[in-house]
Amino acid sequence: MLTARRYRLNRTPEQADYAETVGGICRAVWNTAVEQRRAYRQRGAWINYNEQAGQRADAKTDHDWLKAAPSHVLQQTLMDLDRACRDHGTFKIRWRSSRRWSPSFRFPAGQQITMERLGRKWGRAKLPKLGWVRLRWSRPLGGAVRSATVSRDGRDWFVSFLVEDRATTPERHAAPNSAVGIDRGVAAAVATSDGDLPDREFRSSGEAKRYRRLQKKLARQGTGSANRKKTISAMRRIKRREINRRSDFCAKTAHQLATRNALVAIEDLHIRNMTRTARGTVAEPGRNVKQKAGLNRAILDKGWHKLQLAVENVARYTGTTIVKVPAAYTSQTCSACHSVSPNNRESQAVFRCLTCGHTEHADVNAAKNILAAGQAVTACGDLATSRSVKQEPARPQGPAHQPALALVGIPRL
Ligand SMILES: [Zn+2]
């Protein structure tokens, strides 16, 4: 199975300078190639990778600055662009601006890359042109390197290896009849149908305070000033720590969920987006309530997507089946008697059924509904033919699914 391993580089200043240069050249090549593709499309024509790669090779004789970057890295950039244009359409591809884009480039030839462990904490990798680069040995490589991507995140440089680890997805999960439904929580980050509410603090109160102070400072600083840059990078460092904690939380939660359960039912994010009004949100009082609520949701969505990806990743190793179910009404349905009412919520955190009086943590109740919907979909035999977690089998379509969904009392969209 192909998997990614990321390490923080302890590069020398020269190596950082060189990496920055290569990143800059890749950016220029990307932008020129995007422009060229757009111009072709506007004329109703199409330019492919081979043609662009040929032109880039010719351009090397006229433009010396292109020579600083390894050829195969630039070719890879053009290949990535080709893929992106085919997948998303030429006009949807973003221009890489020097301010927004952090440098990143890929060495496609894995056989040119060697990894060595130097001690308990340190190792080194030999990358083309960059030579030996020390890196923080945070985990073993565990397989043969296929390619390596060097990228900068703030002040730190990282290398991410694509590794073939020779593992295969097991035919059966170790605990075949186990299942869990998960819902994104409002109070806690995640709620499971077992009643667990895994959560952690992503930003400490001190960091929140510092962040607010920096925001105020930023508002007073002139655009383009050196001090403004300093403030922005200080803010980014706080944000980065928050993102790292979130990734860590997602990885650990996903590992627990997938190793313990043969079936994981989650809500389908896209459907949730369409039915946003169906669910209450934490609307802050004051100005711009709507915008703020929208922002809160955007952040929730982001963390949710990360968790979903993490579960999908672990599921490749455990054989867990992931079922995505429509999220509509999961928060308004009683998990005990299946009655649906928007008034079934006593508050944001407490669910109380108006029909049977069933009282539960609101997110756990929703998670139970998600689990029931997920089990109904698998019982329909949707997954009997293909158990691939890469597919999205759960979006119910056609009359065959109607009884199953009616069973759990979740009205169709
Ligand atoms: Zn009820």
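Where a number appears in this text, it was derived from the coordinates with a stated rule and is not lab data. Here the structure is a predicted model, which means the values were calculated and not measured. No Cβ is skipped: glycine too gets one built from the backbone with ideal geometry, and neighbour counts run over all protein chains shown.
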Study note, to complete from the structure: Other residues with Cβ under 11 Å from the Cβ of S104 give, with Lys and Arg +1 and Asp and Glu -1, a net charge of +2
Review point. Across region 5-19, in residue order, what do the Karplus-derived ³J(HN,Hα) couplings come to in whole Hz, using 6.51 cos²θ - 1.76 cosθ + 1.60 with θ = phi - 60° and x for Gly and Pro?
Key: 10, 10, 10, 7, 8, 10, 7, 7, x, 5, 5, 5, 4, 5, 4
Check your understanding: What span do the alpha-carbon atoms of region 94-182 cover on each of the three principal axes, reported in whole Å from largest to smallest?
Key -> 50, 37, 25
Revision key, fill the gap. Too long for a 22 Å Cα-Cα cut-off, among K217/K239; K209/K252; K129/K229; K121/K239; K126/K252, are K209/K252; K129/K229; K121/K239; K126/K252
Review point. For region 199-263, what is the largest minus smallest coordinate of the Cα atoms on each principal axis, given in angstrom and ordered from greatest to least?
Key: 56, 22, 13
Check your understanding: When N counts the residues of region 52-125, how does its alpha-carbon radius of gyration compare numerically with 2.2 N^0.38 Å, as a ratio?
Key -> 1.44
Exercise for review: Treating only the Cβ atoms of Lys and Arg (+1) and Asp and Glu (-1) as charged, compute the dipole magnitude of region 1-145 about its Cα centre; round to the nearest 20 debye.
Suggested key: 860
Practice item. Please give the length that would be gained between D58 and S247 if that part of the chain were fully extended, namely 0.36 nm times their separation in residues minus their C-alpha to C-alpha distance (nm, one decimal). Key: 63.7 nm
Review point. Cα gyration tensor of region 161-202, axes a ≥ b ≥ c as square roots of the eigenvalues: rounded (a/c below 1.5), prolate (a/b > b/c) or oblate?
Key: oblate
Exercise for review: May I ask for the percentage of alpha-carbon pairs in region 304-379 that lie more than 20 Å from each other?
Suggested key: 39
